[in-house]
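*Asks:* The structure that follows is given in the form of structure tokens.
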Amino acid sequence: MAEKKYYVHIPGTIVEVSKEIYEEYYHLDRKLRTLEEKDQRHGLIHYNNFDTDDSLGEEIITEWTAESVEETVIRNLMIANLRVYLAKLPVIERDLIHAIFYDQISEADIGKRLGISQKAVNKRKKKILQKLQKLFNK
């Protein structure tokens, strides 16, 4: 008696395979169909269903970490307010904040330039930030 032959259908052709490959192929095929059936029962919609000539459906997915429009507006208003409040500070205080936060010069380096300790620079910075915080909270 001749040994049984096994075939799998691959798009465009039929291929003879071993019994193990045949069983695994159709087991995986059945598993995929079961998952698709579950998705349909549960109303799963794939983003590629929204593909058009101009865009891909997955492009409509927003990033969870992306900043919302409201957050962007609030941040921009706060930055504008900060600029106004910084302009109200005495020049020496404004220069200190600018050096630390904009020029990113270390407190120790600023202290050397001014002939004071890093700790003194830190205290001045904290006082200025408290002033700014009071202006923001008005």
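*Asks:* Looking at the stretch 112-128, is at least one residue under 34 Å from the mean Cα position of the chain (by Cα), surrounded by fewer than 13 Cβ atoms within 10 Å (Cβ to Cβ), free of Cβ contacts under 8 Å to residues at least 40 places away in the same chain and in a helix (DSSP H, G or I)?
*Replies:* yes
*Asks:* Moving on to the next point. Criterion first (loosely packed, with under 10 Cβ neighbours inside 10 Å and either touching a strand residue (DSSP E or B) at 6+ places or on another chain (Cβ under 7 Å) or within 30 Å of K138 (Cβ to Cβ) (or both)) does E3 satisfy it?
*Replies:* So E3 does not fit the description; no.
*Asks:* Inside the stretch 82-109, can you point out the residues that are of a type in the set (A, V, I, L, M), assigned to a helix (DSSP H, G or I) and over 35 Å from the mean Cα position of the chain (by Cα)?
*Replies:* V91, I92
*Asks:* Output the qualifying pairs, or none if there are none: Cβ atoms under 8 angstrom, residues six or more apart or on different chains, first residue in the stretch 1-22 and in a strand (DSSP E or B), second residue at pLDDT 90 or above and among the small types (G, A, S).
*Replies:* The qualifying pairs are Y6/S18.
*Asks:* May I pose another question? Which residue is surrounded by the fewest Cβ atoms within 10 Å (Cβ to Cβ), if the candidates are limited to the stretch 15-67 and must be among the small types (G, A, S) and more than 30 Å from K5 (Cβ to Cβ)?
*Replies:* Among residues in the stretch 15-67 that are among the small types (G, A, S) and more than 30 Å from K5 (Cβ to Cβ), the one surrounded by the fewest Cβ atoms within 10 Å (Cβ to Cβ) is G43.
*Asks:* Identify all residues within the stretch 33-76 that are under 30 Å from F136 (Cβ atoms) and either hydrophobic (A, V, I, L, M, F, W, C) or assigned to a helix (DSSP H, G or I) (or both); write none if there are none.
*Replies:* Scanning the stretch 33-76 gives W64, A66, V69, E70, E71, T72, V73, I74, R75, N76.
*Asks:* Continuing with the same structure: Given the residues L28, L32, L56, L89, which is the only one that is assigned by TED's automatic domain parsing to the domain that holds R124 and out of contact with any Gly (no Cβ under 6 Å at 6 or more places or on another chain)?
*Replies:* Answer to the check: L89.
The values are calculated or read from the model by the stated rules, or taken from the named source; none is laboratory data. Note that the structure is a prediction, hence the values are computed from the model and not measured. Cβ: placed from backbone, ideal geometry, glycine included. Neighbour counts: every protein chain shown.
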